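What follows is a short report on a single structure.
The values are calculated or read from the model by the stated rules, or taken from the named source; none is laboratory data. Note that the structure is a prediction, hence the values are computed from the model and not measured. Positions of Cβ are backbone-derived with ideal geometry, glycine not excepted, and every protein chain shown enters the neighbour counts. What goes into the accessible areas is simple: the full protein's heavy atoms, side chains included, and nothing from ligands, DNA or RNA. Shrake-Rupley method; radii C 1.70, N 1.55, O 1.52, S 1.80 Å.
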Amino acid sequence: MNSTATDASDATDVTDVTDVTDVMDVTEASDPTDATAEKAAPDAPAAPDEPDEPDEPDVSDGVDVSRRRWPRVLGALLAVALIATGGALYAEGRHLRDTPATANLALTDAEATTRVTGDVSSALGKIFSYGPGATAATRAAAKEVLAGKALQQYAALFGQVERQSADQKLTLTTEVVRAGVTRLTGSSAHLLVFLDQVYERRGRAPTTASAQLTVTAELREGRWWIVEIGST
């Protein structure tokens, strides 16, 4: 009998525990307080849109543009400066080339200076050298190296030289010891010439004399011709 009562009591306890557990589960599943709170809580108002702020100018963009422009501006200025400098140098060079000093080829063209000096020296040696029986050869040589006023003067004087040479048995030998070109262009030359002349007369000792001449020559058909002779 006691055993039965005990079983019944245990069954009752189990039932109570089960009921309490179920109630707790239901309570936790649907909490009226939470539901009420959810219904009572109004929706939170949305935050008002903030007005758009005006865009501030990007200073870095301006700096970058300026940096990109400066090299082009500087390059243009340098180009203008170089052109101006080149023009000034060209004008100055042209001025220097056009001066009388630089127009004188005797200062710049050694080959042409040597050529005219050689031609004139050779010509003077021929026309001022003769002997008692060789005046005809000298006259012929003069026609090959003299022209213009120089040929006319020489022809007028050489008649007297021929007579003296024949009468006095005179021999004249002329040698150019120094010749300098004072001015030279493409077609004319002015020279200062120093001569040594040896006179020989029959029966007398040779006599040496020096002479100094100014000579003007012209380039004709590729050869230098003496066109004027003067004494100094």
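Sort 114, 214 by accessible area with a 1.4 Å probe, largest first. Intermediate values should be presented prior to the final figure.
On the way: 114 95, 214 55 Å².
Result, largest first: 114, 214.
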Exercise. Mind giving me the FRET efficiency for residue 110 and residue 196? R0 is 30 Å, r the Cβ-Cβ distance, nearest 0.05 is fine.
Key: 0.75
Quiz item: Extension gain residue 156-residue 185, at 0.36 nm per residue separation less the Cα-Cα distance, in nm?
Solution: 7.5 nm
Practice problem: Provide the FRET efficiency to the nearest 0.05 for the residue 173-residue 231 pair, computing r from the beta carbons and using R0 = 22 Å. | Solution: 0.70
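Using only alpha-carbon positions, what ratio does the radius of gyration of region 97-175 give when scaled by 2.2 N^0.38 Å?
Details: Rg = 16.8 Å, N = 79, 2.2 N^0.38 = 11.6 Å.
Normalised Rg, Cα atoms only: 1.45.
If 223, 178 are ordered by their accessible area, calculated over protein heavy atoms with a 1.4 Å probe, which sequence runs from highest to lowest?
Numbers: 223 105, 178 165 Å².
Most to least solvent-accessible, the answer reads 178, 223.
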Self-check item: Percent accessible area from carbon and sulfur atoms, region 133-232, protein chains only, probe 1.4 Å
Solution: 48
Quiz item: Can you give the FRET efficiency for residue 210 and residue 83, using 1/(1 + (r/R0)^6), R0 = 45 Å, r = Cβ-Cβ distance, to the nearest 0.05?
Solution: 0.15
Quiz item: In square angstrom, rounded to the nearest 10, how much accessible surface does residue 208 have for a 1.4 Å probe?
Solution: 100
